[in-house]
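> Here's a structure for you.
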Amino acid sequence: MFFKNNKIKIKKLYPKINIGKDYTINEVKSLQCADKNDLTFFDSIKYKNEASLTKAKTCITTQQLQKFLPEKINKIIVKNVLLELSKVLNKIYPDADIDYPDKTLTKPRKNLYKNVKFGNNVLIGRNVKIGKGSQIGNNTIVEQEVIIGQNCVIGHGVIIKNSHIGDKVVIQDGNKIGQKGFGFIPVKENNIKFPHIGKVIIKDNVEIASGCTIDRGSIDDTVIGNNTYLDNQVHIAHNVKIGSNCMIAGQVGFAGSSVIGNNVSIGGQAGISGHLKIGNNVKIGGGSGVVKDINDNQVVMGYPATNLKDFLKKK
């Protein structure tokens, strides 16, 4: 558990709403991930299918969207779902709005990591797990509760927090993994910070080149699939999910909550907008701007990104 959970009862949050039998909120989760004692939210028609299938007892939503939810679910009707969600997250997870420095960091204790090689000036937080055969470079920080698998190579000057990393993962110099993403809600003349309670999951045989930034999830997790390769200076925002066997070239940027399929190739300096679905076996040309979903097996290029044949006809 990366963030303290205050375990608040639902009626304490919403005393004026008829919710029926009281219960303690286990976690705050997205529609598709929520269980019966989790609190969830529904803020966009794009997720109406997930809304109809959610297992949660209680959902924060709007007057217009409530009809897509199961009848039996408790509906918390608000005007601004994300603003309300931010308030709730701050009550349940009071330490998730700011990345406070990890006060548990110490030099690695050899008796805890007998089969791990450490460079100079490495700092390790409380309850960190590192698999045998892994190597950690100079000046690297691994914060509390992080899990790193076997036979991994972590370069110099890397910072890892709020993350689970698989086996045989290579993370080159200067990467920042698991920090809070870019989450703000504009309200009149003020920007309300949105807490981030998710984590980063990096699966087996992934390689991440130098200078990449991978934000943890806001509610869901940020995930990178098996055998995916990231070039230098790639930015992956909160909740992004990248499939297996993908090849991402330098300076590609992913906006929040986009889902990328398997065997996807993306050329340098391309940009992927938020909340999109990119299918399997897709190829995206360098410098492209992707602003809508892409089906399986497509080759696209340009801004906005279109089918490669259509793009070439315009030249």
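The values are calculated or read from the model by the stated rules, or taken from the named source; none is laboratory data. What you see is a predicted model; the values in this text were computed from it and never measured. Note: ideal-geometry Cβ built from the backbone for every residue, glycine included; neighbour counts use all protein chains shown.
> Checking residue 86 against (1) closer than 25 Å to residue 259 by Cβ; (2) without any contact (Cβ under 8 Å) to a residue 40 or more places away in the chain; (3) of a type in the set (Gly, Ala, Ser), which single condition isn't satisfied?
Exception for residue 86: condition (2).
> OK, next. Run residue 145 past the list (1) out of contact with any Lys or Arg (no Cβ under 9 Å at 6 or more places or on another chain); (2) closer than 24 Å to residue 30 by Cα and report the number of the one that doesn't hold.
(1)
> Follow-up question, since we're still on this one. Out of 93, 100, report the one residue that is within 15 Å of residue 159 (Cβ to Cβ) and modelled with pLDDT under 95.
Details: 93 fails: within 15 Å of residue 159 (Cβ to Cβ).
Testing whether each residue is within 15 Å of residue 159 (Cβ to Cβ) and modelled with pLDDT under 95 leaves just 100.
> Looking at the stretch 36-59 only, could you name the residues that are of a type outside the set (Lys, Arg) and in contact with a helix residue (DSSP H, G or I) (Cβ under 8 Å, 6 or more places away or on another chain)?
Within the stretch 36-59, 39, 41, 42, 43, 45, 51, 52, 58, 59 qualify.
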